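The values are calculated or read from the model by the stated rules, or taken from the named source; none is laboratory data. Predicted model only: the values in this text are computed from it and were never measured. Counting neighbours? That spans all protein chains shown, and the Cβs are built from the backbone with ideal geometry, glycine included. Surface areas here come from the heavy atoms of the whole protein model, side chains and all, with no ligands, DNA or RNA. Shrake-Rupley method; radii C 1.70, N 1.55, O 1.52, S 1.80 Å.
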Amino acid sequence: MSAVTAESATTATDLDDGLRFRLGGRRAFAVWLTAIAIYVLAVFHRTSLGVAGIIAADRFGISSAQLATFAMVQLAVYAAMQIPVGALLDRFGSRVMLGAGLLTMSSAQLAFAFVESYAGGIVARIFVGMGDAMVFVSVLRLVALWFPPARVPMVTQVTGLLGQLGALVSAGPLAYALKELGWTTSFLAASVAGAVLAIALAVVVLDSPYREHERTELKMRAVGRAVRLAWRQPGTRLGLWCHFTTQFSSNVFAIMWGFPFLTAGQGLSTAQASTLLGLMVVTAICASPVFGVYITRYPYSRSTLVLGLVVAIMAVWGAVLLWPGRAPMWLLVLLVVITAAGGPGSMIGFDLARTFNPSNRIGSATGIVNVGGFAAALGTVVLIGVVLDHVAPGGPSTYTVDSFRWAMAVQYLVWVTGLVMIVRYRRRTRSVVHSDEAYAHLVPARLADRARP
Ligand SMILES: N[C@@H](Cc1c[nH]cn1)C(=O)NCC(=O)O
């Protein structure tokens with residue numbers, strides 16, 4: 001059965017189709033909201049270090065480079081875990097994986113509350129990255145199974161959007177708690193949230209609304225097969241490259257280099273730079289429903305939106321980097337707004353993976369796609385650091401607008417690579433769409449006649 005034919009079974013809205021619960025009904029919302037709460041917690045844990053950074057440097061007695069290593073290690077583990085986690089998800093389902101993710105993240109934050117050595121802190125961050133890696137793909141699998149296909153693109157976008165609230169919780173309440181309650185109590189409280197959500201998970205979340213959902217009966221040896229089959233789909237690889245190309249710039253900016261670029265490079269105050277970083281979260285939240293509407297209406301042209309978005313991001317970066325001296329504030333605002341749109345834009349990658357894979361491979365396909373943006377972000381973080389070391393060997397105190405001009409320009413290598421790969425896989429994916437009747441619903445009427453004479 002082709003991917004789309006399998007998916008179309010989920011269009012039923014009554015309970016005759018082997019359904020225990022109505023697609024998009026009350027139980028679906030309860031499952032989704034519980035899963036989202038876990039995703040918010042994952043994003044909160046992921047971004048907590050950004051807020052706790054200066055206190056962490058003090059507590060562990062470490063340099064800025066060692067502090068950055070915490071974040072790098074966490075992200076590297078997150079990216080490396082995506083494919084194994086995706087395959088395990090197809091084997092064990094979302095409930096088990098969300099439980100494992102909660103347990104891993106919460107234990108790691110608990111350890112982080114008490115460790116005092118740098119090595120201990122690194123080990124804790126490794127496990128935070130590992131637990132975090134299990135969450136998002138599991139939530140998207142629930143979305144694909146619990147909602148009617150026509151609503152899945154929008155629900156996927158809103159899922160990404162709501163997850164960003166975790167970053168706001170760490171920027172606000174965690175920053176406050178660290179100041180008022182101290183390190184140990186704050187991280188202890190963060191880990192207790194995991195225990196509460198584990199109870200909600202056990203009570204509310206079911207893997208599937210179907211009575212006999214055909215969960216992949218793969219033995220561990222056969223798990224690799226699901227990954228191979230998902231990888232063979234040009235649509236999965238198109239999703240990977242869309243995710244790769246759209247999201248890395250906003251990640252790099254938010255996680256590592258945005259703040260020094262805006263302060264040391266563009267001469268903004270700390271408060272101005274923080275406001276622009278906050279504006280990125282707000283933009284990502286506002287752009288999500290807009291993209292959701294577009295991809296629901298024009299599924300054939302999802303990659304066209306991605307291409308347009310990437311060209312816009314490249315153009316605004318070009319304007320900032322070529323601006324003589326420091327860029328004016330209006331241009332920096334435009335820069336963060338357009339760059340931030342790449343976050344929700346990257347969700348198109350997951351939508352492509354879902355369209356071109358049957359439900360028993362969604363975990364593997366989503367995991368493959370999710371490697372893209374995080375791997376690109378990691379690579380770019382490192383490349384920018386290498387160039388900065390070269391052009392400003394005196395360290396952060398010697399950064400200037402010109403050092404960042406060269407360093408940030410390395411992003412073009414990544415964008416151009418991504419664009420070439422998107423164009424390549426979009427051609428292959430479209431040829432699959434035009435040759436397989438199962439994808440006929442994706443082809444707009446104006447092209448359908450031409451494609452099927
Ligand atoms: N593209 C992000 C999510 C997002 C949505 N809006 C802004 N960012 C993504 O890939 N998320 C994966 C994850 O684990 O958070």
task: Can you tell me which residue among Leu88, Leu102 is buried (at least 18 other Cβ atoms within 10 Å of the Cβ), in contact (Cβ under 8 Å) with a residue 40 or more places away in the chain and in contact with a helix residue (DSSP H, G or I) (Cβ under 6 Å, 6 or more places away or on another chain)?
output: Leu102
- prompt: Considering region 327-348 alone, what residues qualify as being within 17 Å of the chain's Cα centre (by Cα) and outside any helix (DSSP H, G or I)?
  reply: Ala341, Ser346
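Would you point out which residue out of Ile83, Ile62 is open to solvent by 10 Å² or more (accessible area, probe 1.4 Å) and away from the ligand (no atom under 16 Å from the Cβ)?
Values: Ile83 fails: away from the ligand (no atom under 16 Å from the Cβ).
The unique qualifying residue is Ile62.
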field: region 351-366, residues that are at pLDDT 90 or above, away from the ligand (no atom under 13 Å from the Cβ), assigned to a helix (DSSP H, G or I) and closer than 9 Å to Ala230 by Cβ
entry: Ala365
message: So if I check each of Gln109, Gln157, Gln164, which one is farther than 19 Å from Gln82 by Cα, within 11 Å of the ligand (Cβ to nearest atom), surrounded by 24 or more Cβ atoms within 10 Å (Cβ to Cβ) and not assigned by TED's automatic domain parsing to the domain that holds Gly292?
response: Gln157
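Yes/no per residue for (1) modelled with pLDDT under 95; (2) part of a helix (DSSP H, G or I); (3) assigned by TED's automatic domain parsing to the domain that holds Val416:
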residue	(1), (2), (3)
Ala271	yes, yes, yes
Thr275	yes, yes, yes
Leu279	yes, yes, yes
Cys286	yes, yes, yes
Ile295	yes, yes, yes
Ala315	no, yes, yes
Gly325	yes, no, yes
statement: Of the residues in region 294-314 that are among the β-branched types (Val, Ile, Thr) and open to solvent by 10 Å² or more (accessible area, probe 1.4 Å), the one that is nearest to Thr236 (Cα to Cα) is Thr304
- line: Matching residues in region 123-154 (open to solvent by 10 Å² or more (accessible area, probe 1.4 Å), more than 13 Å from the ligand (Cβ to nearest atom) and closer than 21 Å to Val192 by Cα) number 3
message: Looking at region 372-388, I want the residues that are polar (S, T, N, Q) and have a partner that is open to solvent by 10 Å² or more (accessible area, probe 1.4 Å) and in a helix (DSSP H, G or I) with Cβ atoms under 8 Å, at least 6 apart or on another chain. Which pairs are those?
response: Thr380/Val414
